[in-house]
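A short worksheet on the structure shown next.
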Amino acid sequence: MATVTIKDKSFETYLSEETIQSRIRFIAGQINSDYKDGKPFFIAILNGSFMFAADLFKHLTIDAEICFIKLASYEGMKSTGNVVTSIGLDEDLFGKEVIIVEDIVDTGKTLHQFLPKLVHQQPKSLKIASLLHKSAATVYPVKPDYVGFDIPDKFVVGYGLDYDGLGRNLKEIYQLI
Ligand code: 5GP
């Protein structure tokens, strides 16, 4: 099993390039079938999802649009804590079939805070495609509709996901040793 070292941490291969790519082809097939009469609007959340979004999009045979956004959290004025806002979402989502593209759903907090802002725009439908899901760690009511891999609650890097800014370029996904 291959290992990589990023800064002070060692990681071992967890999902090979072929395993990831074949699963993405499968998910693209599901989306092609589920949206065969529609035109989904993908919203990919940067930075982590850029590789997944690109590979997934290549395998779509239906009409589809995509935009990339960045989420920023700031301390709200209220005592409820962080508020998540998006940068780069210029499109009006009213009546659209929206699919959020995420790298990983962990606790679910990010999407739980962000999704109401999209629902507010009254899309026709709103689904989530996440390459990875740490379902055992998910405490907020967020359930991805398309999941690449349900993984244990261990830190992973590669294929878009970083450790302290590095490791995103790896073709495989690695797990912290
Ligand atoms: P959540 O809000 O669901 O707890 O976390 C979502 C975000 O946390 C992801 O988009 C990702 O940026 C980060 N994250 C959660 N788990 C991991 C992990 O194992 N590795 C990396 N690189 N990022 C993670």
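Quick check, is Phe26 farther than 16 Å from Val147 by Cβ and either surrounded by 14 or more Cβ atoms within 10 Å (Cβ to Cβ) or more than 16 Å from the ligand (Cβ to nearest atom) (or both)?
Here the answer is no, as Phe26 does not meet what is asked.
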Quick check: is even one residue across the stretch 130-147 among the charged types (D, E, K, R) and touching a residue at least 60 places away in the same chain (Cβ under 8 Å)? no
What's the number of the condition Gly48 fails, among (1) more than 16 Å from the ligand (Cβ to nearest atom); (2) of a type in the set (Gly, Ala, Ser); (3) touching a Lys or Arg at 6+ places or on another chain (Cβ under 9 Å); (4) closer than 19 Å to Asp150 by Cβ? (1)
Could you pull out the residue among Ser135, Ser130 that is at pLDDT 95 or above and under 13 Å from Ile20 (Cα atoms)? Ser130
Give me the pairs: first residue in the stretch 86-111 and on the phi > 0 side of the Ramachandran plot, second residue more than 16 Å from the ligand (Cβ to nearest atom) and not in a strand (DSSP E or B), beta-carbon distance under 8 Å, and six or more apart or on different chains, which are they? Gly95/Gln122; Gly95/Pro123; Gly95/Lys124
All strands (runs of 3 or more DSSP E) inside the stretch 1-75 with 3 or more residues being modelled with pLDDT of 95 or more and of a type in the set (Val, Ile, Thr): 3-6
Taking the stretch 97-128 and the residues there that are charged (D, E, K, R) and either touching a His at 6+ places or on another chain (Cβ under 6 Å) or within 16 Å of the ligand (Cβ to nearest atom) (or both), the one that is nearest to Phe68 (Cα to Cα) would be Glu102
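The values are calculated or read from the model by the stated rules, or taken from the named source; none is laboratory data. Owing to the predicted nature of the structure, the values given are computational and were not obtained by experimental measurement. Reconstructed Cβ throughout: ideal geometry from the backbone, glycine too, with neighbour counts over all protein chains shown.
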